[in-house]
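The values are calculated or read from the model by the stated rules, or taken from the named source; none is laboratory data. If you're wondering where the values come from, they're calculated on a predicted model, not measured in any experiment. Glycine gets a Cβ as well: all are built from the backbone with ideal geometry, and neighbour counts include every protein chain shown. Side chains included, ligands, DNA and RNA excluded: accessible areas come from the protein's heavy atoms. Shrake-Rupley method; radii C 1.70, N 1.55, O 1.52, S 1.80 Å.
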Amino acid sequence: MTASKWTGTRLEALSARAARLVEAPHEIGGTFEKVFGGLYRFFGWQAKFASKSLRELVDTVRRDGTIEAALLKDAVEETGDNMALAERAVAIHGYVPAAHASWLSRVVETLQRIDHLIEDGSKQAARVLAGVDTTRMLPPLRIQAERAKDDPELETVLEKPDRARLLELQLAAIDHIMEAARSETQVIERRRRLLEGARRLLLDATAALPIDMEGARDRERFLASEITKLDRLQAAGLDAKVAVLYQAKQAVRRGDRDKLHAALVAMDSFALAVGDGAASGFTGRALDELAGGPGRYTERWEDGDHIRESLDRSAEQIFGRRIVSSIAEQYSLARKRFEASDTTNVDAELRSLALDYLAPGSEGEALAALVSVDGCFEVGGALSAVRATELETIARIVAHPTPEMLTMTAHGIEDVRQAVIEDPRTILLDLAAGRLLARKFVQRIQRPVTRTRLVGEARVYVLDGSTSMLSQGLEQSRARMRDAIMVAELATMLRRLEEPGRSVRLSLFYRYFTLKLGELRCVRTPGEVVAALADVVGTPRKGGTDIQAALLSSFA
């Protein structure tokens, strides 16, 4: 039997065994487990799965897009060993954690796709292999036992089988929702909701539980990149609530090349992620035709300049030309300011760090961070409709005296008695000609008016302005992401405030801190948003770190 046939046969058998774990667990187990099962349970035996070969396979696929059959064979053998451990766990404990059963099924399915693509050997197969979503093969999220010992409450939960199993199911839900998002290849809105739901659960889990951070970070990267991709597709003109295939057909009928390109990119990336070679073959050929010939689409995406141009265009589509231009302008002004300064009036370290941060071309790094912000964080909170009663002041013109008097054109004979008379002989002539002025009084009254307004949650940003934000991180990425979060929030706020026909009430507070507290700034109007953008983008900062004082002051 050839290696390829052996791999295919073994994977089919593993697929059947994975299904049996869930569908017929009572059929699993032999004499050994029946005899020694009680002893295993007494000592608290748990299945520990290996993933070294799987990780090596995943890393190779991500890096090269091609793999050797021997590497796949090692991963298949490792998966077989893991399957045997899962079956032993079912026989001894009566169940296998849902996360592990789902993981084994996903691993077998992905290995089958990879095996099929290797056997195919065509150029299209290599393209699909490079695009396969290898995060499906990540081991399940788990609680690190050594860290759990530091939390007595959590250790008590883990000692109770029912509560520990409930915790396992909650962690498994993250991967289940991510898998549901991968399967949604038509409606962007549904895909986004699933991705954002998985991100929210993952952030809550990492904040509350001592889980394996390596696995959590890999999932965070996947969720961030997928949400960012959806942002860019929507900004390119796709309707999030309409099926992508329908929009592609509609774009063909209307001759809309830009929208057709966006729809094909969406369909192509979704198909590649799930390993659908047939669908990605059609979309790939269509994209090549739009790009100008066979292979041109792939060639363009291997060009770094084209990738940068695409990111800049996405930033403009998502946030608007005004925001993008403002970032470029503030970078330029701040750079000139620091270049013109000398060490006598500006800290030498701050000047050096600022010039690196504001170097020509660094605006591109800022825009790349800005595009990816929504994938990493939840910015621009939702608006809530609120019915509010307000006092509306109405001014009325009256004849009787009030504290506020003005002169107006007389309109009738009744206004003559309060007229400003210069020549009594010309009163009637002036009245007829509209030249006669009369004294009038203004009475201001207030009445309650009920309106429905859109109100956003008040957000307070406490921003680290310490030196480490500029001096640490790849290409000062920590400071760029910090500022990008604020710019994204301000851009969303500006768009909502200036949207015609809507009554919106928003407020945002922010302050930078080092060892000293910066000024707490309040932003409520479009003018204040523009001023805040200039402050955030064009002001590099340095100093120490005292986050406790900043938090306490901001809460107050």
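Computed over region 198-295, the alpha-carbon pair-distance distribution with 10 angstrom bins reads 14, 36, 27, 16, 6, 1, each value a whole percent.
Can you give the accessible area per residue of region 400-499, in Å², using a 1.4 Å probe? Before the final figure, lay out the partial values.
Values: 5860 Å² over 100 residues.
Accessible surface, normalised per residue, equals 59 Å².
Length, then width, then depth: along the principal axes, the Cα atoms of region 357-449 run 79, 40, 22 Å. A protection proxy built from the mean count of other Cβ atoms within 10 Å ranks the segments 511-520, 249-258, 484-493, most packed first, as 484-493, 511-520, 249-258.
Go through 194-201, 8-15 and give me the packing order, highest mean Cβ count within 10 Å leading. Walk me through the intermediate numbers first.
Values: 194-201: 20.0, 8-15: 16.6.
Ranking the peptides 194-201, 8-15 by packing returns 194-201, 8-15.
The tail of the calculated P(r) for region 202-259 beyond 20 Å holds 48 percent of all Cα-Cα pairs. A Förster radius of 35 Å combined with the Cβ-Cβ distance from residue 554 to residue 475 puts the calculated FRET efficiency at roughly 0.75. Expressed as a whole percent, the accessible area of region 498-556 that falls on carbon and sulfur atoms is 57 (1.4 Å probe).
Once backbone amide H atoms are built at 1.01 Å from N, residue 436 has 410, 431 as its partners under 5 Å, excluding neighbours fewer than 5 places away on the same chain. Here, region 477-517 has an Rg and a Dmax of 13.6, 44 Å when only alpha carbons are counted. Per atom type, region 72-114 shows carbon and sulfur on 42% of its accessible surface, probed at 1.4 Å.
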